[in-house]
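In what follows, a single structure is set out as structure tokens and then discussed.
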Amino acid sequence: MDDTSLAVQAETDTADDFLPINGTDYIEFYVGNALQSAYFYRAAFGFNITAYSGLETGSRDRTSYLLTQGKVRFVLTSALAPESPIADHVKAHGDGVRDIAFWVDDAEAAFDNTVERGATPVHRPERIEDEHGHITRASIRTYGDTIHTFVDRHNYSGLFMPGFEATDRIDFPSEPVGLEYVDHCVGNVDLGDMNKYVKFYADVMGFRQLVSFDDKDISTEYTALMSKVMANGNERIKFPINEPAQGKKKSQIEEYLDFYRGAGVQHIAIATNDILHTVSLLRQRGIQFLSVPGSYYDVLLERVGEIDEDVSMLAELGVLVDRDDEGYLLQIFTKPVQDRPTVFYEIIQRKGARSFGKGNFKALFEAIEREQARRGTL
Ligand code: FE2
């Protein structure tokens, strides 16, 4: 599909969309030590540290760093006092995602429309301003302690938001690795809750279901899970939602729920235009990935047909491939990026395919089980 047909399709889809979303605005993590996490994301993932908010900029209760690369915006936030709700979040969940924020044209309307349809309000619409203009934002709750903030920034020309300023607090050289935009964010929810959140995204946010996987699609000898993928009208927001399914041993979703102490974001998939380049750099900088057996590559071309990439390069880097009716995709998954076995990243390059790599599920979940066995959590 070329860009024109995508644009036409997006226009048709959003014509009667009560919640038009332009894209992911930012993803905010609550972490134990934002300064040190920012250093990690800069050194390993090549993010630029674009802005800072903290005591020096007038914030009394928290420190936040804005990290950017391509269109990806991450905010890393930590508490400056033990009685802060940020500290409570970190105590319960470890480092994790608090907020998946949406870039909208009218945050107040987005809040009113979703709350009217049953969303639980977290922050009522507020306007914050500085010498660069103003933004309006408002938040609602989703699974676990995770929230969605609607951000309207069309009257703002500053770096990010009022309260954030440029910083040289972390003056360490780093080169980007080619991360372009957030492709999808996956949530893990408790057993029996998947359909509740599918209904939430459909009824409250006007999303539709793209695809569904059951335990027959996603099972190994030992464990299983079920998943449904929800997307907004223009498909810039895609949320697979997983729940554990009955298996002989403890599934990766149960492991996550145990260590995260409830539902939350499991992985964030970030798109690149050159996965071989991106993964080579990430490996050089010490990022560890899940690996599949060499036999995966022996039968790869039989399974996916002709591809542009050299199979030996893919095997050397551990990059996986899958094909659907529209094309193919390349993907790879990191190991968890904090002490608890919870949040991890997917790096994805799409060459026509709009799906999620179903053909790789089995090999991948067996790789996760090998890691779980090492952790004693299988
Ligand atoms: Fe994914």
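The values are calculated or read from the model by the stated rules, or taken from the named source; none is laboratory data. All values reported here derive from a predicted model rather than from experimental measurement. In this analysis, Cβ positions are derived from the backbone assuming ideal geometry, glycine residues included, and neighbour counts consider all displayed protein chains. Heavy atoms of the whole protein, side chains included, go into the accessibility calculation; ligands, DNA and RNA do not. Shrake-Rupley method; radii C 1.70, N 1.55, O 1.52, S 1.80 Å.
Computed from label points 7 Å out along Cα-Cβ, the spacing between GLU83 and ARG127 is 3.2 nm. Only helices enter the 222 nm calculation for the chain: every DSSP H run of n ≥ 4 contributes -39,500 (n - 2.57), and dividing by all residues gives -7000 deg cm²/dmol, rounded to 500.
In a fully extended conformation the segment linking GLN288 and ASN273 would gain 3.4 nm over its present Cα-Cα distance, using 0.36 nm per residue. Spatial offset of the range 44-123 relative to the range 254-275 amounts to 17 Å, using the alpha carbon center of each. Cα gyration tensor of the range 154-311, axes a ≥ b ≥ c as square roots of the eigenvalues: rounded (a/c below 1.5), prolate (a/b > b/c) or oblate? Cα axes put the range 154-311 in the oblate bin. Measuring nothing but protein heavy atoms, the accessible surface of the chain at 1.4 Å probe radius is 47 percent carbon and sulfur. For GLN266, the residues whose modelled amide H falls within less than 5 Å of its own, excluding neighbours fewer than 5 places apart on the same chain, are VAL186, GLY187, ASN188. Judged by the ratio a/c of the largest to the smallest principal axis of the C-alpha gyration tensor, the range 153-210 counts as prolate, that ratio being 1.5 or greater while a/b is larger than b/c. Placing R0 at 22 angstrom, the Cβ-Cβ distance between GLU316 and SER295 gives a FRET efficiency of 0.90 after rounding to 0.05. With 0.36 nm allotted per residue and the present C-alpha distance subtracted, the LEU55-LYS351 stretch has 102.0 nm of extension available.
Once you sort the root eigenvalues of the Cα gyration tensor of the chain as a ≥ b ≥ c, which label holds: rounded (a/c under 1.5), prolate (a/b larger than b/c) or oblate (the other case)? Because its axes are fairly even, with a/c under 1.5, the chain counts as rounded.
The residues of the chain expose on average 44 square angstrom of accessible surface per residue, using a 1.4 Å probe on protein heavy atoms. Which residue, THR342, SER53, CYS185, has the largest displacement toward the positive end of the dipole of the chain when charges sit on each Cβ (Lys, Arg +1; Asp, Glu -1)? My answer, from the dipole projection, is THR342.
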